[in-house]
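Notes to accompany the following structure.
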Amino acid sequence: MAFKAVIFDLDGTLADTLEDIADTLNRSLAANGFPTHHYDACRFFVGNGLENLVAKSLPEAARTEAVIHACHAQVVADYAQHYINKTRLYDGIPALLDGLSQAGFKMAVLSNKADAITQKICGDLLQRWHFEIILGAGDRFPRKPDPQAALFLAEEMKATPAEVLYLGDSDVDMHTAIAAGFYPVGAGWGFRPVEELLNSGARKIIQHPTELLGYHSITN
């Protein structure tokens, strides 16, 4: 297979956003009298948007629509102010993006994080590189793992599904890639265990971003 485009997940793939997300979440939980969570626990809440993150973090008995809605509103407002306190690109990501750009790959970002905050993070961290399109969650497409948004990105990059590498760190990402007909590559440095990626259909696992360089074609 010959590839011409790469679609990236954001959280846990390009950027280590975990501590800012967890800090924001824990401030809301504490303010409402709920138990807080360590960073390692929070990594399993991330991946399906902030509302799902809030619901998963609450004690089961507290997961009412009213409580989830109130805490979610607090988290959204807080995160908008504190999204970049600790967030950074993973080591090796700048070299990967440099290499892909020099090799002529088209690049895009697809996140389940709300589009407004996705644009802010990418604007702060990724302005050195050209991305054909950066897309977060909104009303236009269903969230991943539904493939509609992913296929839209491929169309915007004028790439067929078979020409797209998809790099992500979760089962949601692998399921998205497979549903869209992309080549699913697991980011072994991300939020979720490698076993989850393999069990969700990852064709390859890479442990450092620059391992993706040179993937003009893969036979496997």
Leading residue by the ranking (nearest to Ser28 (Cα to Cα)) among those in region 71-100 that are assigned to a loop (DSSP other than H, G, I, E, B) and of a type outside the set (A, V, I, L, M, F, W, C) = Tyr83
Count - residues of region 126-173 that are closer than 25 Å to Gly188 by Cβ and either part of a helix (DSSP H, G or I) or hydroxyl-bearing (Ser, Thr, Tyr) (or both) = 12
From the options Ala55, Ala95, Ala77, Ala103, residue that is more than 21 Å from Asp9 (Cβ to Cβ), more than 17 Å from the chain's Cα centre (by Cα) and of a type in the set (A, V, I, L, M, F, W, C) = Ala77
Which ones in region 103-125 are basic (Lys, Arg), part of a strand (DSSP E or B) and modelled with pLDDT of 95 or more?
-> Lys106
Counting just the residues of region 53-107 that are touching a Phe, Trp or Tyr at 6+ places or on another chain (Cβ under 7 Å), in contact (Cβ under 8 Å) with a residue 24 or more places away in the chain and not hydroxyl-bearing (Ser, Thr, Tyr), which one comes out nearest to Val164 (Cα to Cα)?
-> Met107
Does Leu10 fit the bill of being closer than 27 Å to Val164 by Cβ and touching a residue at least 40 places away in the same chain (Cβ under 8 Å)?
-> yes
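Each row is one residue, and each column tells you yes or no for (1) without any contact (Cβ under 8 Å) to a residue 24 or more places away in the chain; (2) within 17 Å of Asn48 (Cα to Cα).
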residue	(1), (2)
Gly123	yes, no
Arg140	yes, yes
Ala150	no, yes
Leu198	yes, no
Gly201	no, no
Ile205	yes, no
Answer from Ala159, Ala149 - the residue that is crowded, with 22+ Cβ neighbours inside 10 Å, under 17 Å from Tyr215 (Cβ atoms) and not aromatic (Phe, Trp, Tyr) | Ala159
Hey, could you check region 1-39 for residues that are assigned to a helix (DSSP H, G or I) and touching a Leu at 6+ places or on another chain (Cβ under 9 Å) and say which is nearest to Ile206 (Cα to Cα)?
-> Tyr39
Considering only residues that are surrounded by fewer than 18 Cβ atoms within 10 Å (Cβ to Cβ) and either under 12 Å from the mean Cα position of the chain (by Cα) or polar (S, T, N, Q) (or both), look in region 1-47 and name the one that is farthest from Arg88 (Cα to Cα).
-> Asn32
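The values are calculated or read from the model by the stated rules, or taken from the named source; none is laboratory data. Quick caveat: nothing in here was measured; it's all calculated off a predicted structure. All Cβ positions, even for glycine, are placed from backbone atoms using ideal geometry, and neighbour counts span all protein chains on display.
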